[in-house]
Amino acid sequence: MSYNQPINDHSLLACQHCDLLQRIPELEPGASARCPRCNKELWRRRVDSLNRTFALTVAAVVLYIIANSVPMLGLTIVGRDAQTTVIGGALHLWNNDQKVVGVLVLFTAVIAPALQIGLMLAILLGAMRPRPPQWVATLLRYHPTTKIWSMIEVMMVGVLVALVKIADYATVVPGLALFVLWVLVFILAGMSSSFDSRDVWDRIQWADEAHRDGAGEALVEGTS
Ligand SMILES: [Zn+2]
């Protein structure tokens with residue numbers, strides 16, 4: 001049985017664009033390294049990445065809870081009032097024979113954002129420990145998937161289009177959740193841009209140091 005042998009050299013990096021293998025220098029916070037062949041940005045060292053991302057994530061948790069517990073929209077039509085939350089809207093779709101759309105709304109606007117925020121919080125709390133545990137690596141691998149499926153901004157555009165269309169027939173009262181969700185869209189974007197996954201990968205101890213040193217020595221023996 002043979003295994004991949006990781007090279008114990010953190011400065012080595014392959015360009016994702018043109019595959020050029022290169023050593024990147026130590027970067028000042030805020031500075032970035034570009035590929036000399038295709039000019040793609042390889043890595044930008046974020047300023048105080050962990051703490052800033054943590055602050056934004058805590059803000060996202062609070063906003064997410066508010067956004068899902070207060071009404072998003074209120075409608076007044078011929079003297080009747082109706083209010084709905086995001087989850088209520090998805091339920092309404094399910095009950096009105098739009099089951100697929102209902103499930104999609106629930107998944108992309110409620111479940112995926114919750115996973116995106118929750119996983120990020122767990123990754124940061126794990127990475128801040130002196131010796132980050134292995135599960136941080138597992139979460140870090142799945143986090144990009146939750147980000148892809150989190151589509152609050154798409155739902156918001158859909159809601160805006162619907163608002164304009166029904167404005168002629170009913171009085172629409174935007175709920176607090178609508179404003180909170182808009183702020184959350186920007187907080188999530190800020191979270192993504194301030195997060196430095198390379199920084200976290202560097203903190204994760206892949207295996208115990210003895211094992212890694214052993215692998216490094218075996219590689220040196222093999223090449224000499
Ligand atoms: Zn390149």
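The values are calculated or read from the model by the stated rules, or taken from the named source; none is laboratory data. A quick note: this is a predicted structure, and the numbers were derived from the prediction, not measured. We place every Cβ from the backbone using ideal geometry, glycine too, and count neighbours over all the protein chains shown. Remember, those area values only see protein heavy atoms, side chains included, never the ligands or the DNA or RNA. Shrake-Rupley method; radii C 1.70, N 1.55, O 1.52, S 1.80 Å.
Could you work out the helix-only [θ] at 222 nm for the chain, with each DSSP H run of four or more residues adding -39,500 (n - 2.57) and the total divided by the number of residues, to the nearest 500 deg cm²/dmol? Please list the in-between numbers first.
On the way: 9 runs with 124 residues, N = 224.
-18000 deg cm²/dmol, from helical runs alone.
Please report, in debye to the nearest 20, how large the charge dipole of segment 46-196 is about its Cα centre when each Lys and Arg carries +1 at its beta carbon and each Asp and Glu carries -1 there.
460 debye
Straight-line cross-link reach from residue 99 at under 23 Å between alpha-carbon atoms covers these lysines, not counting any fewer than eight positions away in the same chain: 165. Segment 6-34 and segment 49-96 have Cα centres spaced 41 Å apart. Legend: calculated FRET efficiency, residue 21 to residue 137, from the Cβ-Cβ distance at R0 = 35 Å, rounded to 0.05, equals 0.95.
Note on the chain: dipole from Cβ charges, positive end direction compared against 72, 38, 136; the farthest Cα belongs to 72.
Give me the percent of the accessible area of the chain that comes from carbon and sulfur atoms, probe 1.4 Å, all protein chains in place. Don't skip to the answer; put the middle values down first.
Working: 8670 of 13970 Å².
So the carbon and sulfur contribution to the accessible surface is 62 percent.
Per residue, the accessible area of segment 1-97 comes to 70 Å² when a 1.4 Å probe rolls over the protein heavy atoms.
For residue 40, the lysines whose Cα comes closer than 29 Å to its Cα, not counting residues fewer than 8 places off in the same chain, are 147.
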